[in-house]
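First up is the structure itself, then whatever we jot down about it.
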Amino acid sequence: MIITIRIFLVAILAASIVTGCSSVPVGSPPTMSLPSDPIATRSLLVRPDAPDDRFRVKGFVVFNARPITPMQHNRYLVACEAYMATLEGTDSYPDHLDLLPTYWPIEKKLEIETCREMLDKYDYVRASQLRAKYRTAIGPGEGPFLLAAGSGEVMIFDMSTFSDADVYRAMRIWKEQICVNPENWEPKLSLVKFREAFRSMLQAYGESILKYFG
């Protein structure tokens, strides 16, 4: 009997050595794939492609008109640099994640994804269509604007009067707050969270920089 037990224990030990780290410890819960929190990303949107329907919230960087003065061009450049520095590309993430892209509209595919190219090939036709669709929300400012639409809601963030430093700060807050996770961007709750995050900017630049329609 004792010999039989010893043989049994030796067999268990040998099996554990063979399986090594691939074995699952006794009592460990099964591995489960948990839903991810939404992640803000960036994507180029080439004319005439439509935004990807997989994404429940879609953002856009919108300019009101082509830059004429060096000051306007610099403002657009700052917006692009903040956009590139703050958001990672949508294609960098696995498809199963909950991604919320902010699109940069362009007329045609770029050879090199740089801000110079992105500004040179910015799609002002698409931007004019977005302004026409959301004219009341966007208003008369020069921009740039951040626009997010989803589940019957539209939110506009007007950076027309921002300092360069505040454009960067606004983009960082946009990245965090566009991903607030009320169920499918529930009406009103999104706006409350945005206003809380942007409180100091609202005090500095006025309530009109953030508009909501739903």
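The values are calculated or read from the model by the stated rules, or taken from the named source; none is laboratory data. Since the structure is predicted, the reported quantities are computational estimates derived from the model, not experimental observations. Quick reminder, even Gly has a Cβ in these numbers, built from the backbone with ideal geometry, and neighbours come from all protein chains shown. Note: areas computed on protein heavy atoms with side chains; ligands, DNA, RNA excluded. Shrake-Rupley method; radii C 1.70, N 1.55, O 1.52, S 1.80 Å.
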Extension gain from TYR93 to ASN74, taking 0.36 nm per residue of separation minus the Cα-Cα distance:
3.8 nm
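Largest first, what is the accessible-area ranking of THR69, THR90 with a 1.4 Å probe?
From most exposed to least exposed: THR69, THR90.
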Going by average Cβ density within 10 Å per residue, which order do the peptides 77-85, 159-167, 46-54 take, highest to lowest?
77-85, 159-167, 46-54
Compute the whole-percent fraction of alpha carbon pairs in the range 69-111 spaced more than 12 Å apart.
71
What distance in nm lies between label points placed 7 Å from Cα along the C-beta direction at GLU111 and VAL46?
1.5
Per residue value of the accessible surface for the range 31-137 (all protein chains in place, 1.4 Å probe), Å²
57
Checking the a/c ratio against 1.5 first, then a/b against b/c, what shape does the Cα gyration tensor give for the range 95-144?
oblate
Please label the shape of the range 58-176 as rounded, prolate or oblate, based on the square roots a ≥ b ≥ c of the eigenvalues of the alpha-carbon gyration tensor (a/c under 1.5 means rounded; beyond that, a/b larger than b/c means prolate, else oblate).
rounded
